[in-house]
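Peer 1: Let me begin by handing over the structure; questions about it come next.
The values are calculated or read from the model by the stated rules, or taken from the named source; none is laboratory data. What you see is a predicted model; the values in this text were computed from it and never measured. Note: ideal-geometry Cβ built from the backbone for every residue, glycine included; neighbour counts use all protein chains shown. Protein only, heavy atoms only, side chains kept; ligands, DNA and RNA dropped before computing areas. Shrake-Rupley method; radii C 1.70, N 1.55, O 1.52, S 1.80 Å.
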Amino acid sequence: DGGITQSPKYLFRKEGQNVTLSCEQNLNHDAMYWYRQDPGQGLRLIYYSQIVNDFQKGDIAEGYSVSREKKESFPLTVTSAQKNPTAFYLCASSRGFYNTGELFFGEGSRLTVL
Amino acid sequence: GQQVMQIPQYQHVQEGEDFTTYCNSSTTLSNIQWYKQRPGGHPVFLIQLVKSGEVKKQKRLTFQFGEAKKNSSLHITATQTTDVGTYFCAGNFGNEKLTFGTGTRLTIIP
């Protein structure tokens, strides 16, 4: 079945450690996105990629980094520079970036910093 | 950047009552999408509206897109416990990234 796979589902990290969240899609979509969701809050865009080997900062990119070396993969690294990293992270993809059509979301990764 | 305002932030209804959430933009939208996120889950696409004044129905859910393409609503008739979750609108402005509303969290009192 086509879809988006995020891993790990749950992750615990000590302060000062970097952590990388995986996002893989087999939908042949060009555009991919990372969102952050805090309890009871909406979706805030961290980074997005319109096409392979290209990505742009979203609204809250500080303390995060991404890469897009393959069309199907868009990993997110939460660095030690992110002051409040505990959150629910959602990866999504769409056919295109402008007038996107449906966004497909992964099941999310819940990061807790101890 | 463009913004999409969504109200109310929370709505508690008795099972069987109706529910409506509204989205508004200060500028014209190319289209608007609606998503549902169950508690602990991820957003799932419900529908996309493109045409001015468009109305679409999915069983007990009715989606409307305003004549000026600046506002939209989602109405649920006779809510059920399965309707619990957060409903998000998301607006496409044509030449910018998709912008999500802040969401309306619906809780049902049995």
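Peer 1: Report the per residue volume, in Å³, of the convex hull enclosing the C-alpha atoms of chain A. Present the calculation step by step, with values, prior to reporting the outcome.
Peer 2: On the way: hull volume 11.0 nm³, N = 114.
Hull volume normalised by residue count: 97 Å³.
Peer 1: Which of the aspartates and glutamates could a cross-linker bridge to A:K71, judged by Cα under 12 Å and excluding same-chain residues fewer than eight apart?
Peer 2: Partners within reach: A:E24, A:D30, A:D54.
Peer 1: Under 19 Å Cα to Cα from B:K59, which aspartates and glutamates show up? Leave out anything in the same chain fewer than 8 places away.
Peer 2: Hits, sequence-local ones excluded: B:E15, B:E17, B:D18, B:D83.
Peer 1: Are there any residues in segment A:36-61 with a reduction of at least 40 Å² in accessible surface when going from the isolated chain to the assembly of protein chains? Probe 1.4 Å, please list them by number.
Peer 2: With the partner chains in place, segment A:36-61 has these residues losing at least 40 Å²: A:G40, A:L43.
Peer 1: While we're here: Probe radius 1.4 Å, ligands and nucleic acids left out: can you give me the accessible area buried at the A-B interface, summed over both chains, in Å² to the nearest hundred? Kindly include the intermediate steps, with their values, before the conclusion.
Peer 2: Numbers: alone 6430 and 6090 Å², together 10880 Å².
Summing both chains' loss of accessible area gives about 1600 Å².
Peer 1: Among the lysines, which have Cα under 26 Å from the Cα of A:K70 when same-chain residues fewer than 8 positions away are ignored?
Peer 2: Output for A:K70: A:K9, A:K57, B:K97.
Peer 1: For chain A, give the percent of accessible area contributed by carbon and sulfur heavy atoms, probe 1.4 Å, rounded to a whole number.
Peer 2: Within chain A, the accessible surface is 45 percent carbon and sulfur.
Peer 1: If you don't mind, another one. Enter the Cα centre distance for the pair segment A:5-43 and segment B:55-110, rounded to the nearest angstrom.
Peer 2: With segment A:5-43 and segment B:55-110 each reduced to a Cα centre, they are spaced 25 Å.
Peer 1: Residues of B:29-39, mean number of Cβ from any other protein chain within 10 Å of their own Cβ, rounded to a whole number? Please report the intermediate quantities before stating the final value.
Peer 2: Values: counts 0, 3, 3, 0, 4, 0, 4, 0, 6, 0, 0.
Whole-number average of other-chain Cβ neighbours for B:29-39 is 2.
Peer 1: Taking only protein heavy atoms into account and a 1.4 Å probe, give the accessible area per residue of segment A:16-114 in Å².
Peer 2: Averaged over the residues of segment A:16-114, the accessible area is 45 Å².
Peer 1: Excluding ligands, DNA and RNA, what is the solvent-accessible area per residue of chain B at a probe of 1.4 Å, expressed in Å²?
Peer 2: Values: 5260 Å² over 110 residues.
Computed with neighbouring chains in place, this is 48 Å² per residue.
Peer 1: Report ³J(HN,Hα) in whole Hz for each residue of segment B:53-69, in order, from the Karplus equation J = 6.51 cos²θ - 1.76 cosθ + 1.60 where θ = phi - 60°; Gly and Pro get x.
Peer 2: Result, rounded to whole Hz: x, 5, 10, 10, 10, 10, 6, 8, 9, 10, 10, 10, 10, x, 4, 8, 6.
Peer 1: Run the numbers on segment B:1-101 and let me know its relative contact order in percent, using alpha-carbon pairs under 8 Å that are six or more apart.
Peer 2: Computed over segment B:1-101, the figure is 35 percent.
Peer 1: Relative contact order for segment A:24-81: what percent, with Cα pairs under 8 Å and sequence separation of 6 or more?
Peer 2: Relative CO of segment A:24-81 lands at 30 percent.
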